[in-house]
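A short write-up of the structure that comes next.
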Amino acid sequence: MKIKSAEFVMSNSDVAKCPKQPLPEYAFIGRSNVGKSSLINMLTDRKSLAKTSGRPGKTQLINHFIINDNWFLVDLPGYGYARVSKSTKKTFQKFITNYFEQRQQLVSAFVLIDIRHKPQPIDLDFMQYLGEREIPFSIIFTKADKLKPKAIERHVEDYCNRLLQFWEELPPYFVTSSSKKIGQDEVLGFISDTNEE
Ligand code: GTP
Ligand code: MG
């Protein structure tokens, strides 16, 4: 897919106020600082469409962008930061779960995972949450530039083996780096293939 246009539409914390056009939508979620906003900029070939920061907790709202005038891309706040809670459920802010449960036109979520890290309970819980609600998702491993090719392979394999302990099959997954521009064609290709335009 060629990105011909990419524009910010609106930010808010209420799913009822999200854009009304019934366009297919794809949302990026994951722990704070995993690289969601950077990935959105890389995918769209825009330097600062989505705001990024070295400090976790930069994105605080549901941010809609319209791409090629025919689909929405959504940048979401990270989970797992700023709220110390024993209950993981409380860590997923209510407006984020409302978004996933109520946004009819959501085609697929992308759960971002830092490729350097071992499976973390909060990410596994979030995937479990999506699975239970039958919300389609893919995994995007981020920051692949931080590892050598062999280590990338090993980390992805370890992660997939862990998922197969409680999932019958793996979701689609992609390996990306926003700084080295790895994975753009694959992720955009997946979006084209699943976008019923
Ligand atoms: P929140 O909005 O706070 O939840 O964070 P986010 O997930 O949107 O992360 P963001 O894109 O703001 O990036 C966080 C930090 O990781 C920034 O310092 C980025 O420069 C860095 N980063 C993001 N993607 C990559 C990548 O592919 N490679 C490397 N090396 N650094 C990255
Ligand atoms: Mg962000």
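The numbers here are math on the coordinates, done by the rules we state, and not lab data. In this text, all values refer to a predicted model and were calculated from it rather than measured experimentally. Heads up, the Cβs are rebuilt from the backbone with ideal geometry, glycines too, and the neighbour counts pull from every protein chain shown.
Below is a table of values for the structure above.
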{"quantity": "Mean projected area in nm² (Cα convex hull; one quarter of hull surface) for the chain", "calculated": "10.5 nm²"}
{"quantity": "Neighbour net charge for residue 6 - beta-carbon separation under 13 angstrom, K R +1, D E -1", "calculated": "0"}
{"quantity": "Of all DSSP beta bridges in the stretch 6-194, antiparallel share, percent nearest 5", "calculated": "40 percent"}
{"quantity": "Whole-Hz ³J(HN,Hα) from phi, Karplus 6.51 cos²θ - 1.76 cosθ + 1.60, for the stretch 93-99, glycine and proline x", "calculated": "4, 4, 5, 6, 5, 4, 4"}
{"quantity": "Cut-off under 5 Å, modelled amide H: who pairs with residue 113 long-range", "calculated": "140, 141, 142"}
{"quantity": "Rotationally averaged projected area of the stretch 71-187 (alpha carbon convex hull; nm²)", "calculated": "8.1 nm²"}
{"quantity": "Under the Karplus curve 6.51 cos²θ - 1.76 cosθ + 1.60, θ = phi - 60°, whole-Hz ³J(HN,Hα) for the stretch 123-134, x wherever Gly or Pro sits", "calculated": "6, 5, 5, 5, 5, 4, 4, 5, x, 4, 9, 6"}
{"quantity": "Residue 9 long-range amide H proximity, modeled H, under 5 Å", "calculated": "64, 65, 66"}
{"quantity": "Residues with amide H under 5 Å from that of residue 173, placed H, sequence gap 5 or more", "calculated": "139"}
{"quantity": "Among the listed pairs 4/47; 2/94; 20/180; 148/181; 2/181, those beyond 24 Å (Cα-Cα)", "calculated": "2/94; 20/180"}
{"quantity": "Length released on extending from residue 16 to residue 157, taking residue separation times 0.36 nm less the Cα-Cα span", "calculated": "46.8 nm"}
